[in-house]
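What follows is a set of notes on a single structure, which appears directly below.
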Amino acid sequence: MNIKILGSGCVKCKKLYANAKVALKESHIKATLEKVEDINQIIDYGVMMTPGLVIDEKVVSVGKVISPKDIIKLIS
């Protein structure tokens, strides 16, 4: 599994990244977690509002910080 956080490095983007780390730790699911800060790559995903959450190349959340609990639901 590959999880990407799309964003320029703003506070919300950093919080979503931290929440994703917590979700992976709590769920014991093995996955790679990556930050994507390049605006062109973010646009390639069709994301116009950050942060974005991508799981296995599918955009699952845009423009909001979701909780670790909600991330666990998405990756389970």
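Residue 54: in contact with a helix residue (DSSP H, G or I) (Cβ under 9 Å, 6 or more places away or on another chain) and either part of a strand (DSSP E or B) or hydrophobic (A, V, I, L, M, F, W, C) (or both), yes or no?
Working: in contact with a helix residue (DSSP H, G or I) (Cβ under 9 Å, 6 or more places away or on another chain): no; either part of a strand (DSSP E or B) or hydrophobic (A, V, I, L, M, F, W, C) (or both): yes.
Here the answer is no, as residue 54 does not meet what is asked.
Quick check on my filter: what residues within the range 2-20 are of a type in the set (Lys, Arg) and either at pLDDT below 95 or over 13 Å from residue 65 (Cα atoms) (or both)? Walk me through how you get there before you give the answer.
Within the range 2-20, the first condition is being of a type in the set (Lys, Arg), and the residues that meet it are 4, 12, 14-15.
Result: 4, single match.
Would you mind stating whether residue 11 is out of contact with any strand residue (DSSP E or B) (no Cβ under 7 Å at 6 or more places or on another chain), of a type outside the set (Lys, Arg) and closer than 15 Å to residue 76 by Cα? Can you show your working first?
Numbers: out of contact with any strand residue (DSSP E or B) (no Cβ under 7 Å at 6 or more places or on another chain): yes; of a type outside the set (Lys, Arg): yes; closer than 15 Å to residue 76 by Cα: no.
No.
Look at residue 42 and say whether it is aliphatic (A, V, I, L, M), closer than 16 Å to residue 12 by Cβ and in contact (Cβ under 8 Å) with a residue 12 or more places away in the chain.
In short, yes.
Every residue in the range 57-72 that is exposed (fewer than 14 other Cβ atoms within 10 Å of the Cβ), among the charged types (D, E, K, R) and either in contact with a helix residue (DSSP H, G or I) (Cβ under 9 Å, 6 or more places away or on another chain) or in a strand (DSSP E or B) (or both), please.
58, 64, 69
For the range 10-49, what are the residues that are under 14 Å from the mean Cα position of the chain (by Cα), surrounded by 13 or more Cβ atoms within 10 Å (Cβ to Cβ) and not in a helix (DSSP H, G or I)?
Across the range 10-49, the qualifying residues are 31, 33, 34, 35, 36, 37, 45, 47.
The values are calculated or read from the model by the stated rules, or taken from the named source; none is laboratory data. Just so it is clear, the model here is predicted, and its values are computed rather than measured. Every residue, glycine as well, gets a Cβ built from its backbone with ideal geometry; the counts of neighbours run over all protein chains shown.
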